[in-house]
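Undergrad: Structure incoming, see below.
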Amino acid sequence: MSTIETKEEAIAGTTKGLINLHETATWQATHFGFRQKLTSKITAFDRPYYFVDEQIKGIFKSIFHEHKFEQNGDIAIMTDIFEFHTPLGILGKIFNVLILKNYLRKFLLKRNQIIKDFAETDRWKEVLNAKEL
């Protein structure tokens with residue numbers, strides 16, 4: 001839902017509903033014209049305040065994605081920390097600076113806006129009920 005342009009879909013591991021500590025999900029998507037697979041694992045979890053997913057298989061050298069949630073009055077604040085390293089040494093670093101960093105920032109901002117839209121309406125129930133389907 002949040003990644004329609006990249007045709008992203010969960011194809012293995014936890015593919016519906018909520019994921020838990022030590023579970024994995026494999027995602028398939030198209031980025032820069034290439035079909036890719038990425039498997040991530042939940043390596044830290046303190047529901048509803050915090051979780052971390054890390055790449056265990058995929059095109060990146062590494063991905064560390066930290067999600068923090070805090071309540072501020074009636075507002076929930078999510079802080080998203082996304083650290084990645086690409087392969088290919090200096091070529092990967094040049095690609096990061098010129099293209100990838102901005103691309104990933106826009107990708108995550110768009111995904112987070114859709115997550116926000118779900119969280120602020122009854123659509124969040126679709127995610128919870130999906131595991132039962």
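What follows draws every value from the coordinates through simple rules; no lab data is involved. Please read all numbers here as calculations on a predicted model, not as lab measurements. Using ideal geometry, Cβ is built from the backbone for each residue, glycine included, and neighbour counts are taken over all protein chains shown.
Undergrad: Please list 3J(HN,Hα) in residue order for the stretch 114-123, calculated via the Karplus relation 6.51 cos²θ - 1.76 cosθ + 1.60 where θ = phi - 60°; whole Hz, with x for glycine and proline.
TA: Per residue, the Karplus-derived 3J(HN,Hα) values read 5, 4, 4, 4, 5, 5, 8, 10, 6, 5 Hz.
Undergrad: Whole-Hz ³J(HN,Hα) for each residue in the stretch 61-68, computed from phi via Karplus 6.51 cos²θ - 1.76 cosθ + 1.60 with θ = phi - 60°, x for glycine and proline: what do you get?
TA: Result, ordered by residue: 5, 6, 9, 10, 10, 9, 10, 10 Hz.
Undergrad: Still on this structure, please answer the following. Can you list residues whose amide H is under 5 Å from Tyr50's amide H, if they're 5+ apart or on another chain and H is modeled 1.01 Å from N?
TA: Amide H neighbours of Tyr50: Phe69.
Undergrad: A further question follows. Arg123 versus Tyr49, label points 7 Å from Cα toward the beta carbon: distance in nm?
TA: The answer from the label model is 2.9 nm.
Undergrad: Quick check for me: using +1 on Lys/Arg Cβ and -1 on Asp/Glu Cβ, what's the dipole size of the stretch 4-130 about its Cα centre, in debye to the nearest 20?
TA: 600 debye
Undergrad: Could you give each residue of the stretch 74-91 its phi-based ³J(HN,Hα) in whole Hz, using Karplus coefficients 6.51, -1.76, 1.60 with θ = phi - 60°, and x for Gly or Pro?
TA: Result, ordered by residue: 8, 10, 9, 10, 10, 10, 10, 10, 10, 10, 9, 9, 9, x, 6, x, 5, 4 Hz.
Undergrad: Rounded to the nearest 0.05, what FRET efficiency is calculated for Ile94 and Ile4 with R0 set to 25 Å and r the Cβ-Cβ distance?
TA: It comes out at approximately 0.25.
Undergrad: Only loop residues by DSSP count here, and only those with at most 13 other Cβ atoms within 10 Å; note down the GluC sites (Glu not before Pro) in the stretch 36-133 that meet that.
TA: Filter output for the stretch 36-133: Glu120, Glu132.
Undergrad: Sort out for me the Cα centre separation of the stretch 78-133 from the stretch 14-59, rounded to whole Å.
TA: What the calculation gives is 11 Å, centre to centre.
Undergrad: Report the trypsin sites (Lys or Arg not before Pro) located in the stretch 39-78 that are in a DSSP loop and have at most 16 other Cβ atoms inside 10 Å of their Cβ, or state none.
TA: Lys61
Undergrad: In terms of modelled amide H atoms, which long-range or inter-chain residues lie less than 5 Å from the amide H of Gly17?
TA: Ala130, Lys131
Undergrad: Amide H to amide H, which residues 5 or more places from Trp27 or on other chains are under 5 Å from it, using H placed in the peptide plane?
TA: Long-range HN contacts for Trp27: Ile11, Leu38, Thr39, Ser40.
Undergrad: Under a crude label model (7 Å from the Cα following the beta-carbon direction), how far is His85 from Thr30 in nanometres?
TA: With each label point 7 Å from Cα toward Cβ, the separation is 3.2 nm.
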